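Just so you know, all these numbers are worked out from the coordinates, no wet-lab data involved. Source: prediction; values computed, not measured. Cβ: placed from backbone, ideal geometry, glycine included. Neighbour counts: every protein chain shown.
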Amino acid sequence: MANISDIIEQFILNTLGEDKDIDISRNELASFFSCAPSQINYVLETRFTPDKGFLKESRRGGGGYIKLTRIPIEEDSYVNNLVLESIGEALTFKRASHILEKLVYEKILTEREAGIVKAAISDDSLAMPFAIKDKVRAKAFKNMLLYLLKEKD
């Protein structure tokens, strides 16, 4: 059985459909799902992130509306921005997994390619002190992405 966060996420995705953006009222959604507005905030903060292809813009007043925009993915610009700016100096496995899911969803990488990258950057594969693990993971992830995408040209 799906939890409330999964249900809210699916409802928002279904409402968005193929549209580029939607306006969401936290209070209206919370009332519809009989939950606290903080539950809606949680879903928006964890399920609709730039790594997953979404931008959020808060609009004060009128019940706390949020504009949710789907980031148009153009393979080269998205990946270049991701590699050069978004990933940064350190990267957790969880965040890397979200990025890989988005790249597979956008058909930039195959499931197999994403699986190989995931295996290579997993905590088990990076047997090193915790203090440097996320830094090494970021460098390896960037290099693998650049290589995989260079091969697709």
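For the reader, a short list of remarks on this structure follows.
- Label-point separation in nm, Ala120 to Thr69, each point 7 Å along Cα→Cβ: 3.3
- Theoretical gain in end-to-end length, Ile4 to Ser97 [0.36 nm per residue, Cα-Cα removed]: 31.3 nm
- Arg112/Ser58 FRET efficiency (R0 25 Å; Cβ-Cβ; nearest 0.05): 0.05
- Residues Leu13 and Ser38, FRET efficiency given R0 of 30 Å [Cβ-Cβ distance, rounded to 0.05]: 0.90
- Ranking of Arg70, Arg137 by count of other Cβ atoms within 10 Å, fewest first: Arg70, Arg137
- A full extension of the chain between Glu89 and Tyr105 corresponds to an added length of 3.3 nm, given 0.36 nm per residue minus the alpha carbon distance.
- Taking Ser25, Ser34 and counting other C-beta atoms within 10 Å, the order from fewest to most: Ser34, Ser25
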